[in-house]
Structures are given as C-alpha cells and as structure tokens.
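One structure below.
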Amino acid sequence: MDIHAKQQIVLEKVIWKIDCSKNHQDFSTVFSNGFQSWSESREYTFDEKIPKLKGIAFPLMKYYGDYHFPQIKGGKGNIHSWTYTYLRHKKGNEITLLASLTERMAYTIFKYDANKKELTIEKDCGGLELSHSYPVLEFIQVTGKDKTVFDQWFSISEIKRPKVKPAFGWTSWYNYYTKINEEIILGNLNAFSDKKIPLDIFQIDDGYQQRVGDWLQINTAKFPKGMKHIADAIHKKKTKAGLWLAPFVAEGQSEVFLKNKDWFLKDDKGKPVAVGYNPMWSGWFYALDIYHPKVREYLTSVFHVVLQQWGFDMVKLDFLYGAAVFPRRDKTRGQIMTDGMEFLRQVCGDKIILGCGVPLGPAFGRVDYCRIGADIHLSWEHGLLKFFNNRERVSTMIALRSVLGRWQLNNHAFLNDPDVFILRKEKNKLTPIQQNTIVTLNAILGRLIFTSDNIEEYDEEQLCELQAARKWMYSEVEQVRQLSDYYEISFQNEGKYYKAYANLWNKKTRIGLGNGSLELEPYETIILKA
C-alpha cells in the first residue's frame, strides 16, 4: 500500500485490520516477536497477556523495549509483535505467517486482539511529514509448515542468506565481565590450544576501553601492549579476533559525551536523553545522533582503527536500539534504525558483524550473526528484574524461550546467536542439569556457539560436553513445538533424525513417547533418536 502526497501532509496513523472471527477457533497460539534482540519472544495463548513494565522501573528501562510506544495496548488477550507474527493452527501442524517485507520506511506492529478476534497491522509512522509518495505497508500472508512459510517470506523479501559459517568461540563477558586484562585474555586463549580444541572466533568484550564511547582510549593498565597485540596473538592461533563495541551510545562520564554534547539526541528542552542505565558503567548512558556529520566521522575513524589498524575480524555491536528511540519529523524510528544499520555495514565493509540489542527487522541482511534472545544469567532467573516485568532482562529462562521462539530466522536473515553456555563449576549458581539444557539448546538451535569458561579448569566430563556441543551445532531444525509444559524439537544431524525434549520449568513433567512415556526432571533436556 502506497500513499501519494500531492501536498505537505502529516501522517497520524496507518493501520490495516483483518477480521479473524470466522477462523479464530482454528488457532491455538499467536507469536510475539519482541521489539529488539533481547526482548522475550514466544507464542502466547489467547488468555495470556504481555506483562507491563512496573512504574518504579520505567525511568531506567523504558527505552530498552517498546514500553514508551503509545500505540501498544496491554491487557489479557492483546498480543503484539514486531516485524512478523504467526498464528499456530490447532490441526495440521501449520502456521499462518504475517510478515513485513521491509522495515525501511517504518516499523510494523502486528496486534492480535483475541477478545475482538481481530488482527491489526500498524506502521509506526505517526507524526511523519510527507510531501512525496510513500510505500507505507508491504506484507506477506501465507499458510503452511514453519520452514516453508519462512522460506517464502525471505525469498520474496530478497534478503540474501548470510555468507558466514557456523562458528564456535569464546567471549570474555560471562566469566570476567569488565574485569579483564591482557593476562586473563591470553591465558584463556592459550588454554584452547593447550587442550587442542580449535576455535573459530575469540572475542574480547566490555572492559578494554576507558569508558563506553571512548573506544580508542584503551585502559593501558589492563592492556599495556594495546589491542593490536591481542589481535595478533589471536591470529597466531589461526583464530578470528572479535571485539565488543556499543557504537551508538556513550556513558555520561565518557570524554566523547562530556566534550561533545551537541553530538547526542536531545529532548524538547535541548537536554541529552538518557536511553538506559547501567550500574557496571558510570550510570546513565546516552545515544549519539547518527545523522550528525561529526558522529559519522568519529565512528568511521573508530572502525578503521579497530578493523584495519588493530586487525580485528569481527565486531560485536551492542545497544544499537539507542539510535532510534525517537522519530524525527522527516524520518520514522524504523527509517533511522535502518539508516544506522546500513551505516555500520558500510564502515565495517566485509568484516563480520554480530548484532545485539537491535530491532531485528532493520538488522535483516545487514549483520552476519545476531543475538536472538536476552543475556543469560549466572542463575536460572533474575528475581528483581522479573519482578519489574522487564522483558529484556538478564535471564536464562527468557533467553532460552526466545531462542526456541525465533529458531526460524536462522540462515535466513543472519545466523542465530543464542548467547553463551556455561559448564564451569565456579562463579555461577546454575545446576549441572541447567547447564546441560543451555548448552544443548544453544548448540541445536544456534549457529554461533560461545562460552566464557576458562577451559583450563575443565575436567574430562566437561571437555566431553564441550565436544558434544560442537557436534550438535551443525543440526538442521525441522520443527519446534511447545506441548503443555515442555518443548519438542525435531531435527537432523549427520543424516540421522532426532527429537529433543526440554523442560524449562521448576517441576517435573511427563512426555508421551508412542506407547510409553518419560519423565523429565526440572530444567532437564534429553535427546532421543526419532
């Protein structure tokens, strides 16, 4: 659907309604794709509701997700989804997929009202000033098996499949967090060669720089020989070198923020807008204006140094949502986010991009790997953030549900990054059963399989689990279904058919197996030959 403006106009709403009253009873669940890569994404029954962020947390977390969007309606039976959604049929093992063909002009919000039995498709373009033709709404509706309809969607969208291959790697974050240094990094790197375990990517996360935003100001007390020395050491192990950055944000105590306030997004009073709060940094952090010439010049120089002078092969780009928390009079949030992702692709050239904290639609075809769930936690759930109803929270439970929910995107828009697994016995509260579920589901459903463990401390059993993960990461998933209180994953590996059964909850559950049944312990996952 196009709008042809013959004079200056301002769009208020663009919506398309579909009456589902005749076939509502044929559906069992509706899928909600969360606003960005951390957001919880899963199928909902029609008597559920998406939880609303508690008021006490709103100032701190409102921009992480869609909490500040006025068009989002809550309540029982109102399920909304970004970029795509689907309705699962009760019979025939089919879904009806509705998906945007492009988010370039604006984000697409699918809203299913189970009370009215109505599906509304809305473009996030309210307040946009127009004086030209505008292709406002392009979407596909198709019914069939999961793989078939997702193949059709991405084929029609003309998004090329990713060129990168499945990768196994290491990242520093979930063991050391910001407390990294040269000795820790090189010690973990050498542990893999000592154990004769090949690595595809070795990535340094947050903590190497002085402040978030000051990417070229290295903490020389931690890394006295600089980051080129680290990249060179990684390359000597025949491994790709990765580095974390959050290019569109800067913390309040960073030099780039304190000296260049005019580079940042501002509110109606002209004050820089805090787009989040991180206690591991200096508190509030702020979003850069990606259209400011000086910002583009600065970021271009940052990526030139990181990728060309230091020699890193991959960049993990995080907190990307910050660039597009507000629309402009001449650009929607979706346009801004798409422009930002195209800028990053341009400055990174043919280097590998791992996207994170990003609305998925604008990332399609512009990143090589992408996070599809939240950060895992060092225990199963983060109690305080769960109390706040933060759908982007650090949580192993939320992370795995989104990995199970977004499996169809893999090898279409990018290769899926399910976040890390943990097998170490220290510095976490995950039980061995929980750890096994994380590594198993990540390996089957993901294509970028990272750990943060120091494998020098692994015993033989842990090394065997690590090797098993490498085997399962080449699986071809056929179907993922949630059946009552467990998940069933049908997949192939090395020409053989398997089914995995995953219980993510804290109580036992029984699964039916032909003429018999099997009991799953709390948090347990098992793999059986089909």
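Would you check which residues across the stretch 430-479 are outside the structural domain of residue 186 (by TED's automatic domain parsing) and β-branched (Val, Ile, Thr) and list them?
Listed by number, the list holds a single entry, 477.
State yes or no: is residue 405 over 15 Å from residue 173 (Cα atoms), surrounded by 21 or more Cβ atoms within 10 Å (Cβ to Cβ) and among the small types (Gly, Ala, Ser)?
Numbers: over 15 Å from residue 173 (Cα atoms): yes; surrounded by 21 or more Cβ atoms within 10 Å (Cβ to Cβ): yes; among the small types (Gly, Ala, Ser): yes.
Yes.
Listed residues 31, 58; which is of a type in the set (Phe, Trp, Tyr), touching a strand residue (DSSP E or B) at 6+ places or on another chain (Cβ under 6 Å) and at pLDDT 95 or above? Please lay out each step first, then the result.
On the way: 58 fails: touching a strand residue (DSSP E or B) at 6+ places or on another chain (Cβ under 6 Å).
Testing whether each residue is of a type in the set (Phe, Trp, Tyr), touching a strand residue (DSSP E or B) at 6+ places or on another chain (Cβ under 6 Å) and at pLDDT 95 or above leaves just 31.
If you scan the stretch 464-493, which residues turn out to be at positive phi and either without any contact (Cβ under 8 Å) to a residue 12 or more places away in the chain or among the aliphatic types (A, V, I, L, M) (or both)? Steps first, please.
Taking the stretch 464-493 and keeping what is at positive phi, we get 484.
Answer for the stretch 464-493, where residues must be at positive phi and either without any contact (Cβ under 8 Å) to a residue 12 or more places away in the chain or among the aliphatic types (A, V, I, L, M) (or both): there is none.
Say whether the condition of being under 22 Å from the mean Cα position of the chain (by Cα) and among the charged types (D, E, K, R) is met by at least one residue in the stretch 450-468.
Filtering the stretch 450-468 down to residues under 22 Å from the mean Cα position of the chain (by Cα) leaves 450-453.
From what's left, among the charged types (D, E, K, R): 453.
For the stretch 450-468, residues under 22 Å from the mean Cα position of the chain (by Cα) and among the charged types (D, E, K, R): present.
For the stretch 198-210, which residues satisfy the criterion of being out of contact with any helix residue (DSSP H, G or I) (no Cβ under 7 Å at 6 or more places or on another chain) and not in a strand (DSSP E or B)? Walk me through it before giving the result.
The initial filter retains those residues of the stretch 198-210 that are out of contact with any helix residue (DSSP H, G or I) (no Cβ under 7 Å at 6 or more places or on another chain), namely 198, 200-201, 203, 207, 209-210.
Of everything in the stretch 198-210, those that are out of contact with any helix residue (DSSP H, G or I) (no Cβ under 7 Å at 6 or more places or on another chain) and not in a strand (DSSP E or B) turn out to be 198, 200, 207, 210.
Which condition breaks for residue 249 when tested against (1) surrounded by 15 or more Cβ atoms within 10 Å (Cβ to Cβ); (2) farther than 20 Å from residue 307 by Cβ?
Answer for residue 249: the failing condition is (2).
Within the stretch 494-518, restricting attention to residues that are in contact (Cβ under 8 Å) with a residue 12 or more places away in the chain and farther than 26 Å from residue 431 by Cβ, which residue is surrounded by the most Cβ atoms within 10 Å (Cβ to Cβ)?
Initially, the stretch 494-518 is screened for residues in contact (Cβ under 8 Å) with a residue 12 or more places away in the chain, giving 494, 496-509, 511, 513, 518.
When the remaining residues are screened for being farther than 26 Å from residue 431 by Cβ, the result is 494, 496-497.
Numbers: 494: 9, 496: 9, 497: 12.
Selected residue: 497.
Out of the stretch 212-232, which residues are under 19 Å from residue 280 (Cα atoms), in contact with a Phe, Trp or Tyr (Cβ under 8 Å, 6 or more places away or on another chain) and surrounded by fewer than 20 Cβ atoms within 10 Å (Cβ to Cβ)? Write out each step before concluding.
First pass over the stretch 212-232, keeping only residues under 19 Å from residue 280 (Cα atoms): 212-215, 217-219, 221-222.
Next, from what is left, pick out any that are in contact with a Phe, Trp or Tyr (Cβ under 8 Å, 6 or more places away or on another chain): 212-213, 218-219, 222.
Hits for the stretch 212-232 are 218, 219, 222.
Can you name the helices (runs of 4 or more DSSP H) wholly within the stretch 360-463 that have at least 3 residues being out of contact with any Leu (no Cβ under 6 Å at 6 or more places or on another chain) and in contact (Cβ under 8 Å) with a residue 60 or more places away in the chain? If you could, list the steps in order and put the result at the bottom.
On the way: elements: 360-363, 383-387, 396-405, 432-445.
Ranges flagged: 360-363, 396-405, 432-445.
Do we find a residue being in a loop (DSSP other than H, G, I, E, B) and either closer than 28 Å to residue 369 by Cα or among the β-branched types (Val, Ile, Thr) (or both) anywhere in the stretch 221-237? Walk me through it before giving the result.
Restricting attention to the stretch 221-237, the residues satisfying the condition of being in a loop (DSSP other than H, G, I, E, B) are 221-225, 237.
Checking which are either closer than 28 Å to residue 369 by Cα or among the β-branched types (Val, Ile, Thr) (or both) leaves us with 223, 237.
Within the stretch 221-237 (the criterion being in a loop (DSSP other than H, G, I, E, B) and either closer than 28 Å to residue 369 by Cα or among the β-branched types (Val, Ile, Thr) (or both)), the answer is yes, since at least one residue qualifies.
Looking only at the stretch 101-143, count every residue that is of a type in the set (Lys, Arg) and surrounded by 22 or more Cβ atoms within 10 Å (Cβ to Cβ) and tell me the total. Step through it out loud before you land on a result.
First pass over the stretch 101-143, keeping only residues of a type in the set (Lys, Arg): 104, 111, 116-117, 123.
Narrowing further to those that are surrounded by 22 or more Cβ atoms within 10 Å (Cβ to Cβ): 123.
Number of matching residues: 1.
Would you confirm, using the coordinates I've provided, whether residue 188 is within 20 Å of residue 280 (Cα to Cα) and either crowded, with 19+ Cβ neighbours inside 10 Å or more than 18 Å from the chain's Cα centre (by Cα) (or both)? It would help to see each step written out before you state the result.
Values: within 20 Å of residue 280 (Cα to Cα): no; either crowded, with 19+ Cβ neighbours inside 10 Å or more than 18 Å from the chain's Cα centre (by Cα) (or both): yes.
It is false that residue 188 is within 20 Å of residue 280 (Cα to Cα) and either crowded, with 19+ Cβ neighbours inside 10 Å or more than 18 Å from the chain's Cα centre (by Cα) (or both).
Please verify whether the stretch 94-102 includes one or more residues that are in contact with a Cys (Cβ under 9 Å, 6 or more places away or on another chain) and of a type in the set (Gly, Ala, Ser). So that I can check it myself, show each step before the final result.
Step one: filter the stretch 94-102 for residues in contact with a Cys (Cβ under 9 Å, 6 or more places away or on another chain), giving none.
So far as the stretch 94-102 goes, no, none of its residues is in contact with a Cys (Cβ under 9 Å, 6 or more places away or on another chain) and of a type in the set (Gly, Ala, Ser).
The values are calculated or read from the model by the stated rules, or taken from the named source; none is laboratory data. Nothing here was measured: the structure is a model prediction, and the numbers come from that model. Reconstructed Cβ throughout: ideal geometry from the backbone, glycine too, with neighbour counts over all protein chains shown.
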